Amino acid sequence: MAAPSSAWLEWAAEYTKAAQAECRPPPEWAARVSAAAGDGGDVPWSAGLAEVLARALLSGAGGGAPAAAAWKYAEAALAARLASPALLLALLSTRIIPHRFSRPMDYRLYLELLKRHGFNFHYQMKAANFRKIMDLIDAELSLSKIFGISTCQPGVFVVHFVLCILWQLVDVVLDDEGLLELTPENKAQWPTRPEDVSTFEETFTEQRTEKIEKLQKMNTATTMELIEHLLRDKVITRILSLARENMQSHWEAFTNRLHLLATNSSTLQNSAISSEPFQQLILGECNVYGETKHNMCKRFHPIVASNPLSSPNGRCLGASYSALWIPIDMYLEDCLDGSIAATNSIEILSGLVKALQSVNRSTWHDAFLALWVASLRLVQREREPIEGPVPHLDTRLCMLLSITTLAIADIIEEADSLCNETELSSHMKEKKSIGNLRNKLMLSLQILGDYESLLVPPPYVVPAANQAATKAAMFISGISNNGYMENVNGMNYSGNMRHLIVESCISRNLLDTSAYYWPGYISNHANSISHTLPSQLAGWSSFMKGAPLTQSLVNMLLSTPAPSLAEVKKLFEVAINGSDDDNVSAATVLCGATLLRGWNFQEHTVRLVVKLLSPSDPINCSGRESQLIKLGPMLNVILSGISAVDYAPIFSFHGLIPELAAALMAICEVFGCLSPSVSWTLRTGEEISAHTVFSNAFILLLRLWKFNHPPLEYCVLGDGAPVGSQLTPEYLLLLRNSQVLSSSSLAKQRNGQRQLLVPTSHPSSEHPIFMDSFPKLKLWYRQHQACLASTLSGLAHGTPVRNNVDSLLNLMFRKANKGGTSIGSLSGSSSISNSSGPGGDDSHLWPQLPAWEILEAVPFVVDAALTACSHGRLFPRELATGLKDLADFLPASLATIVSYFSAEVTRGVWKPASMNGSDWPSPSANLSMVEEHIKKIVATTGVDVPRLATGGSSLGTLPLPLAAFVSLTITYKLDKASERFLNLAGPALENLAASCPWPSMAIVAALWTQKVKRWSDFLVFSASRTVFHHNNEAVVQLLRSCFAATLGMSSTSVCSCGGVASLLGHGYCPGGFTPVAPGILYLRIFRCIKDCSILAEDILDLLMLSVKDIAETTVPKQRPDKLKKTKYGMRQGQVSLSTAMTQVKVAASLGATLVWLSGGPALVQSLIQEMLPSWFLTVQNLDQGGSSGGMVYKLGGHALAYLAVYSGMFAWGIDSTPVSRRRERVTRSHLQFLASALDGKISLGCDPSLWRAYVSGVLGLVVECTPCWVQEVDLKVLKRLSSGLRQWGEEGLAVALLRRAGPEAMGAAAELILGREW
């Protein structure tokens, strides 16, 4: 501490000594010093006078009147604002605290000064010399060095100083009670003993008398009381909240000591001091508002209901708490529409649950319970599935028993990882919360037992549920179980879906076998079902004991899923290292029931299957010597096995579509270069050729993206394109390469922990792969794009392609050629010359060309054939038969045929084909039936169905390419061999017919219904969806029905109670043709809407109309400001308002879900950046006639706030690491708009109360639910927003906004806290 330098300070020091000696009154001393300071040019809060007083106080070692006078002079100086309190107390703290045992009275007086003047910074910060004071204190206490943050800002300095002083007091009590040794550092942060500091030259001694010892104990108690007083102070707790938010490592160390003090201090335990403020600070329950988090929740979330998901009866109520989880139901149902997504459903679902848990302010057991209930509802909607080329129950069970479980595991593992990274101590609330997540999961599953109707297993799943229940009963009974149920001894207990869920959790180490002892988990009686499970599992027991894979054993294993991961790993080893026959058998078994129904380890199985498809680096897979060629038979059984309609979605759910696509591209590249003479003979005697392997791989690859949609569509629509329509081979490879890079990064290390047991879980190649790695595929893809974009050009004579076209045409239509005229000469679009057709057996007629060369010729072949048919030179039946022959020769050519017909339909240059029953098949027999059933299906929407038939019959017409395509598909038999080809052609036919004018799809449905009666339900439902494809008004009406059904405001809904039951109903009931819930209809049609950007505008308008209905029907008609308050501050009518706000939130969550699912992140970005600002700029008259008393505007503002935040959370998550850089751009842009409007730079057209409700709502939700978003916004923008909020009187929200902005905003937040009278 330097000596005073100015003359007046030297005078002040001498005068103070004299005044002490003469015991002059403090007012007199203060008056003389104040006058001298003014004459000396010093400023209030003088730093020099603080140093003078410190020396005077510290020199009073002898005690007595002079020493007492010095303390009185210090009190007077601080009260009169003559000296800096912060500097004086900082100087005293490092000198008096270490000597508190020898000078207890000085320490007692220091505590009194600290309590009175230590934290009055509001005016000190305005002093001209505050910068100097900050520097002096920083040098004295080493704040910047210890905390690692510069104290250059006044606000930052205040945070450091408050934490430092409180830390010193805590260390004092710990040291007094001998607890300091229990801290990890084993010492105080600032000196508490004389040997730790350099003392003054003077020595202070006091005789240790009984009175002094008593005084020391009193000082300890006083220190504890002061700590409690500070922790109860609103300003102090708000300042400390900034330290907790931005100085986490130091905050953890401080709260460690505070926890040690609260739990072990005898002073605290023996006093009347409450431990509540200690616990609140330790557990983080005090926030920047000095309120508990529950009160904070009410401030920004008045609409949060108090009833949790504890009763199964609450899951259907429209405005109930359970309705707030509708986005989960919508997302799960959307995953099951048959589209293939290149995303990871586990990550999306876990992010969705985290977002909803945050915004709903729910407990984790409620969040987990909501997820289980939604997944069970998904399964129950498919109890009696309709037949058709769509995913069925297996896919839904995968979502429940694999994906949902893995999503919960992802949440728990992320929490565990966060716990390990931050090294939180065991007493911290965060770690307790993390450690309790497994307990929350257990609680949710225990409560789930009350949902009996949802837990009834579909008949297909009953054996597996019984097996799970029997396994638990055997464990409880102490009967050993080796996994194959060999010791079942007649036991067979009735199981339900919860038993399967629990087994799924146990297999992933989320639960242990203590779950078997839950009350009611095992029923007291066994059922009488025949015991077939042990015999089925006996096959797996034999396999694990080394039995050879005979055909009979393979058949047994193929229909029964493996009991555990060990069997799967052994299958994989056999497939890799076994003989040629054994690897085929092992691969066959792996792709059977084990892949489809091995839910407890499905994430491992799908990865192993992909690994088998890519045994070598795709970059080097070219030429006849490729390793892939040797594995042709095994690859073929895998490709055939996973071509079923239920398999591709499973790979999609697990996020393996990009990796699977890369493997398929390599297979296509290699086998497409081989002649069909390259073949293999299987153990069963079946012979397969290179064409077979190529076709299976190629068709499966093309199912992974919308190959038959014109590329121009994506360029024109841009962000308006439907979700998933942008998938291309290049994009799939880009995603795959991104996964390769991220798999080795620290950010993805946690996600890989779940797969550490599988050594092959990483991508097959760690190198990036591009289309250049597959030159033949790239060449075909370019030709494919060219054919879609424009008509075909003629071929030059003598080229290999021309010769191949001639050869294929003559083989396809050799019977027509025998009539005298070849198809080539009849072609108008290509001048293909006539050539005589070869004779002999068909198997020797087709050219032995590699698949790529044939595919290059197919577009020209189909073009010539269709042209000949349009000119009457080729009968429609002959056209269909010829195309079928070509597809039979090379099934992969079906993909090119599909893309050609799709492109030609969009060009509109072909004359329509009359479906008259002579030239083309007639739909008249079923058309009327299709029309009536369509009307029933869409009955709840209020949409009119255009007439199909007149007088009970109609000839109808179809565009010629569509007529040819549907005729071709009808020629296929519905057997297992044709299934994988129809899985490609079926959706393409539906999309193509849906894009044609009404009633094309209805005619197609009628034609196919004649061929396959059992598909009639599926076909009619598909036809009903096209009612909305060509009528925007019908789509809007359907959306309106979705809002009305969800809110319980629809008289035609399938369920009058609202919520999920009304929105999604119970699925599609086969055979009954009952009305389908509007949500199901919308989820099945939105992907065919060409421009989804229009949907967001419609959803926004419908949301506000719903809010208007809510305001008019629920909120009291009197004005809110006229409602009387009760003695607790609540307004009369609050219950009604709360109900209305809950409905508003439900409506907003539905709207956000519809926007997100329909257009993805691109549409969400358009909504937040463009549509919402435009909406605020225009005049909106929502309260015509004042029927809602103006409440519609406030409710509307909250609705729009929730819409924006919900949409952003769904699209980009709430984690600190965003899934896309787009989140940062959108957040910055929108908050910049809000700041400009608050600044008055933008003139708004909306109602002021709506605008205020929106701004407060959005910022409140972001602060409380998505704090990571705040840190992505420029600090200047946040300060402008904070300033605007203060002008509205929203100081609490203004502070919270800055508090969430990170260390850079800590100073500004502190200044704002100190600048308000709390």
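The values are calculated or read from the model by the stated rules, or taken from the named source; none is laboratory data. Every value quoted in this text rests on a predicted model; they were computed, and no experiment measured them. For neighbour counting, all protein chains shown are included, and Cβ atoms are generated from backbone atoms with ideal geometry for every residue, glycine included. Just so you know, the surface numbers come from the protein's heavy atoms only, side chains and all, with ligands and any DNA or RNA stripped out. Shrake-Rupley method; radii C 1.70, N 1.55, O 1.52, S 1.80 Å.
Remarks
- Residue in segment 1011-1018 that is in contact with a Cys (Cβ under 7 Å, 6 or more places away or on another chain) and either of a type in the set (A, V, I, L, M) or surrounded by fewer than 22 Cβ atoms within 10 Å (Cβ to Cβ) (or both) present: no
- Residue in segment 63-75 that is within 15 Å of Y110 (Cβ to Cβ), aliphatic (A, V, I, L, M), free of Cβ contacts under 8 Å to residues at least 40 places away in the same chain and surrounded by fewer than 18 Cβ atoms within 10 Å (Cβ to Cβ) present: yes
- For segment 1262-1307, taking the residues that are in a helix (DSSP H, G or I) and of a type in the set (K, R), the one that is surrounded by the most Cβ atoms within 10 Å (Cβ to Cβ) is identified as R1299.
- The single condition from (1) farther than 19 Å from L1259 by Cα; (2) part of a loop (DSSP other than H, G, I, E, B); (3) not polar (S, T, N, Q) that V1192 fails is (2).
- Any hit, segment 999-1014, residues being outside any loop (DSSP other than H, G, I, E, B) and within 27 Å of Q1143 (Cα to Cα): no
- Within segment 671-691, residues that are touching a residue at least 60 places away in the same chain (Cβ under 8 Å) sit with their Cβ atoms under 7 Å from residues that are outside any loop (DSSP other than H, G, I, E, B) and acidic (D, E), at 6+ positions apart or across chains, in these pairs: R683/D581.
- Residues within segment 221-230 that are surrounded by 21 or more Cβ atoms within 10 Å (Cβ to Cβ) and either of a type in the set (S, T, Y) or touching a residue at least 60 places away in the same chain (Cβ under 8 Å) (or both), tallied: 3
- Candidates F1021, F1028, filtered to the one that is closer than 16 Å to P946 by Cα, buried (at least 24 other Cβ atoms within 10 Å of the Cβ) and of a type in the set (F, W, Y): F1028
- Residue-level check: of (1) surrounded by 22 or more Cβ atoms within 10 Å (Cβ to Cβ); (2) over 30 Å from C164 (Cα atoms); (3) small (G, A, S), A56 misses just (2).
- Of the residues making up segment 946-961, one or more are in a helix (DSSP H, G or I) and within 25 Å of R703 (Cα to Cα).
One line per residue, one yes/no per condition, for (1) at pLDDT 80 or above; (2) within 20 Å of L1105 (Cα to Cα); (3) among the hydrophobic types (A, V, I, L, M, F, W, C):
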site	(1), (2), (3)
T1026	yes, no, no
N1032	yes, yes, no
V1036	yes, yes, yes
G1048	yes, yes, no
S1051	no, yes, no
L1064	yes, no, yes
C1069	no, no, yes
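- Residue within segment 420-438 that is modelled with pLDDT of 90 or more, open to solvent by 50 Å² or more (accessible area, probe 1.4 Å) and within 29 Å of the chain's Cα centre (by Cα) present: yes
- Condition met for A977 (free of Cβ contacts under 8 Å to residues at least 24 places away in the same chain, part of a helix (DSSP H, G or I), open to solvent by 50 Å² or more (accessible area, probe 1.4 Å) and among the hydrophobic types (A, V, I, L, M, F, W, C)): yes
The rows are residues; the columns are (1) out of contact with any strand residue (DSSP E or B) (no Cβ under 9 Å at 6 or more places or on another chain); (2) of a type in the set (A, V, I, L, M, F, W, C); (3) at pLDDT 75 or above.
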position	(1), (2), (3)
N481	yes, no, no
Y484	yes, no, no
M491	no, yes, no
N496	yes, no, yes
R508	yes, no, yes
W518	yes, yes, yes
S528	yes, no, no
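- Where helices (runs of 4 or more DSSP H) fall wholly inside segment 559-671, the ranges with 2 or more residues that are among the aromatic types (F, W, Y) are 647-653.
- Residues in segment 641-685 that are farther than 19 Å from Q602 by Cα, surrounded by fewer than 24 Cβ atoms within 10 Å (Cβ to Cβ) and of a type outside the set (D, E, K, R): C673, L674, S675, P676, S677, V678, S679, W680, T681, L682, T684, G685.
- Residue check: Y110 meets all listed conditions (1) open to solvent by less than 10 Å² (accessible area, probe 1.4 Å); (2) within 26 Å of K234 (Cβ to Cβ); (3) among the aromatic types (F, W, Y); (4) in contact (Cβ under 8 Å) with a residue 24 or more places away in the chain but one, namely (4).
- Verdict on T867 being at pLDDT below 85, in a helix (DSSP H, G or I) and over 28 Å from L674 (Cβ atoms): no
- Just one of the listed residues (R1221, R1252, R1225) is of a type outside the set (G, A, S) and modelled with pLDDT under 90, namely R1221.
- In segment 1213-1261, the residues that are over 26 Å from the mean Cα position of the chain (by Cα), buried (at least 22 other Cβ atoms within 10 Å of the Cβ) and more than 25 Å from M1191 (Cβ to Cβ): A1235
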